[in-house]
1. Determine the calculated [θ] at 222 nm for the chain from helices alone, applying -39500 (n - 2.57) to every DSSP H run no shorter than 4 residues and normalising by the residue count; nearest 500 deg cm²/dmol.
2. Taking the structure as given and computing percent of Cα pairs over 47 Å apart, which label from (1) 37; (2) 59; (3) 23 fits?
3. If contacts are Cα pairs under 8 angstrom and at least 6 residues apart, what is the relative contact order of the chain in percent?
4. Taking the Cα centre of each part, how many Å lie between the stretch 122-169 and the stretch 182-225?
5. Can you compute the label reach from SER632? Point 7 Å from Cα along the Cβ direction, backbone N cut-off under 16 Å, restricted to the stretch 576-590.
6. In percent, what relative contact order does the stretch 142-259 have, based on Cα pairs under 8 Å that are 6 or more apart in sequence?
7. Sort 294-306, 579-591, 683-695 by the packing proxy (mean of other Cβ within 10 Å over each peptide's residues), most packed first.
8. When Lys and Arg each count +1 and Asp and Glu each count -1, what net charge do the other residues less than 12 Å away from THR201, Cβ to Cβ, add up to?
Amino acid sequence: MRCVQDRETPLVRGAMLICAVALGLCFVSSAPAGEIQPSEWTIEQARRCWTPMTRAVQHVGVPGYQFQTGVTWDGSLVFGPLEFYDFKVIRDEMAPLGGHLLHVSFGFGDTMRLVDRQGKLDPRIRRWIEQGRLPIPHVETRDGDLVWHETAFAHLVDRPMSPWPEPKPGDVLVTHAVFRVRNAGKAKRTGRLWMHFGDATKVNFGYKCRQFPEIAPPIAMQFDPPYGRLNEGVRFVLPKPAKGELNVHAKVKDVEGAVGPAQNVIEWSVPLAAGEEAELRLLIPYGVVPEDTAEKIAALDSREKFDEIRCWWDDLSRDAPGQIRTPDPFVNDYLAALTGQIAQQVAWREHTTQVWMYKTSPNLYEKYWPMSAAKSLPVFDLRGLTWLNRRLLRSIIDMRTDEVGGLNREGMGGGKVLEGEGYAKAPGFLGIYRGWTANPLLLSHGLNLCALVAHYRITRDDAWLRSGDPSPLDAMLEGFNWIALQRRRTMREVDGRRVAHWGLLPAASAHDWLAGNTIFNDAYCVVAQTDVARLLREIDHPRAEEMAREANAYRQCLHDRYVEARDRARPLPLDDGTTIPFVPRVIQELDWAKPDWTYTSFSAIRAGAWGAFDPRDELVDQALAFVEAGMSRGEGFYFSRAAKSDNADRNLADVADPAAPRHYMWRHYVEYETMWPVGAPLFLARDDLPRFFEWFAHNFAFAIHQDFRVGAESIDGVPACAPGDTERWLAARNMFVREDGGHDGSAQSLWLLQAIPREWLKPGNRASAKRILTYFGGEVDIALRVADDGRSVTVDAALGPMAVRPKEIRMRLRSGDGSPLVSATLDGAPVPVQPGDTIILPPNTQGTIKVVGRFE
């Protein structure tokens with residue numbers, strides 16, 4: 001095993017301070033007249049426009065083990081799940097853990113002080129993850145001259161990390177919280193660490209993250225050194241430190257930074273000379289364990305295990321495909337961190353369905369939204385996690401059913417039956433995971449189909465495609481047929497006229513409170529059928545053309561129905577007295593004031609982003625014009641409490657003010673629910689670089705917790721919520737290498753270096769994307785270097801071998817200062833310069849090339 005010993009990469013505190021510039025320096029993308037916009041946004045410029053998110057949570061776990069420990073912004077430890085106990089499967093999976101729910105809070109000082117429990121960016125705390133990219137969080141807290149450093153990591157008891165420990169019944173996850181304290185002053189000091197073991201009633205990871213001001217009731221543990229005993233077992237292990245004493249306090253009356261006394265608190269008191277250090281270890285299994293397991297935990301060497309675990313995560317990250325390097329260290333770290341972040345979120349549900357799932361988010365959304373996982377699964381392959389993805393894909397196939405549950409009901413499938421045709425009982429539905437499903441969705445069916453197709457197109461593994469009963473290919477055909485069958489139920493007339501949703505899928509649930517005939521559901525099912533048809537064409541399947549015709553007929557129905565809905569809908573009034581069309585998100589929802597801030601909004605924008613419509617279609621243009629124009633004063637959904645919010649929602653105070661001239665659904669193309677970003681795929685598909693770079697800069701500047709390198713569902717909301725981080729990684733990958741076109745199931749083209757920011761193209765800079773797996777099969781390596789004078793750029797690339805020939809290969813050569821491309825050579829021979837600083841390359845399936853571009 002190779003392990004690169006990088007030095008620790010601390011959080012750059014200055015970046016956080018830049019983010020904290022007062023709101024009002026920047027406004028929404030559809031800015032008021034006279035606002036100055038940069039010619040091309042950079043991340044640094046974007047950071048100045050936002051008050052940053054402050055409630056970061058990093059999880060630690062092992063791929064496959066179904067639960068992860070949450071490490072909060074102040075270093076507290078959280079052992080959930082925290083909600084959704086009404087789901088029997090969750091109760092059944094939790095039962096073997098005993099009384100495991102736990103919220104460990106850490107205080108410092110001569111009297112117990114909880115520093116920044118509320119998440120206010122207290123300057124005494126800083127956070128980072130190991131090397132800036134490994135899922136091992138560090139939290140440093142200053143108590144005067146004393147510097148406290150907490151490191152958290154997890155592994156399975158009695159199982160080494162290498163080779164990867166495939167989960168088995170009875171696995172026990174243990175989390176190490178290692179505290180090191182150093183006296184940085186010149187005088188002797190006594191360090192005091194206070195540990196409170198509370199239940200999980202005073203912490204919340206969603207819809208917004210928060211720790212409540214009140215101290216949680218203590219768990220009924222008895223500290224019998226080194227064990228914290230609970231329910232005739234052991235809940236934690238606190239080995240005797242080499243220096244200092246451990247004391248138990250039945251009650252600590254005055255706790256700074258929290259409300260109420262803290263009960264059953266353990267204090268570590270350690271005298272330190274100037275410059276002296278000391279260490280304390282807290283080891284917590286995920287659940288109550290018997291004494292023999294506790295003894296094994298007590299015998300662990302935390303430093304030895306830390307080195308083992310760090311090396312395993314380091315190798316996993318460094319050896320993976322999809323290595324992207326830019327001149328921006330933060331971008332590099334975030335993209336590299338993705339591998340570990342998503343891998344440890346994969347769960348094998350041991351006690352109930354024995355199903356594999358990429359969890360929607362740890363500790364909160366433990367029930368399942370299959371579409372959020374499916375949207376991410378291609379990135380598992382692109383980042384070298386095929387060994388996990390195969391298990392996830394097999395569970396998609398195993399969970400197929402002829403039942404639809406509450407698909408045609410309101411209220412996440414639990415409310416009243418929707419008006420309409422309902423669904424026929426037919427095999428092949430992929431939107432339900434038995435007792436785990438939070439909300440049965442057509443979206444989940446469509447995206448699970450897309451995930452199956454993507455895996456084959458990336459890996460070109462024919463043995464996988466055709467093996468099993470049913471095989472993945474069988475499941476794809478069955479899922480395609482299920483869509484075709486169900487949408488024929490709406491091909492009917494009433495009083496001699498076609499119904500408004502003719503040829504679409506019957507009314508269905510769409511999100512928590514939205515249901516009906518939604519473009520969100522139908523668009524992804526159109527894309528799914530198109531993807532299946534393209535795969536069948538690529539393998540010369542006898543049904544390929546038949547199924548391509550079916551997919552394109554569905555696409556045309558979707559387009560026609562929303563043209564008709566647009567023509568019936570209330571136009572949006574503008575300030576000058578004119579109006580523009582409103583393209584609804586639901587066939588029956590014709591008032592532009594109805595759409596809200598959830599990911600199901602944006603109507604035809606999403607259809608264009610993913611190819612259900614041509615990205616330059618008139619409906620896409622009109623939907624984009626609508627959200628950029630904003631809704632009229634006093635109408636539409638407003639974040640009425642944004643201005644008084646105690647979290648980063650305050651960024652929306654101006655655009656959400658009912659007295660503001662217009663109300664906008666996004667800010668600099670950052671959506672409120674940041675985990676389903678639509679801007680990147682849309683603007684790249686439209687080759688709209690100004691909008692794309694604005695999206696890229698602001699999403700990377702704000703929608704990611706800069707310290708723990710992880711995104712959230714909504715602003716300061718559910719941490720590590722799929723598919724947000726994989727979507728942002730994919731956006732960066734597509735800047736270098738992107739498949740384009742083929743919206744009707746026909747051949748696609750290959751874009752190289754489509755959207756490299758000018759900020760990365762300064763004189764002497766380099767950037768590269770290595771081992772970029774493609775949907776054509778095969779890989780692309782591409783590296784660029786800018787001349788020292790900035791007047792030329794050299795690109796070296798290696799392609800293939802690809803299983804499918806791209807329709808076209810196009811490369812863009814941008815300058816750092818905006819100068820246009822005036823000439824280019826390919827392997828020393830001149831090639832014509834095309835519009836948009838591009839050149840056309842031979843559509844070869846393999847080979848190496850050298851391109852030199854020169855600027856005016």
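The values are calculated or read from the model by the stated rules, or taken from the named source; none is laboratory data. For clarity, every value in this text was computed on a predicted model and none was experimentally measured. Note that each Cβ is placed from the backbone with ideal geometry, even for glycine, and that neighbours are counted across all protein chains shown. Each accessible area value is taken on the protein alone, full model and side chains, heavy atoms only, with ligands, DNA and RNA left out. Shrake-Rupley method; radii C 1.70, N 1.55, O 1.52, S 1.80 Å.
1. Taken over the chain, the calculation gives -8000 deg cm²/dmol.
2. (3)
3. 12 percent
4. One Cα centre to the other: 17 Å.
5. 576-583, 590
6. This gives 17 percent for the stretch 142-259.
7. In decreasing order of mean packing, 294-306, 579-591, 683-695 become 683-695, 579-591, 294-306.
8. It works out to a net charge of -2.
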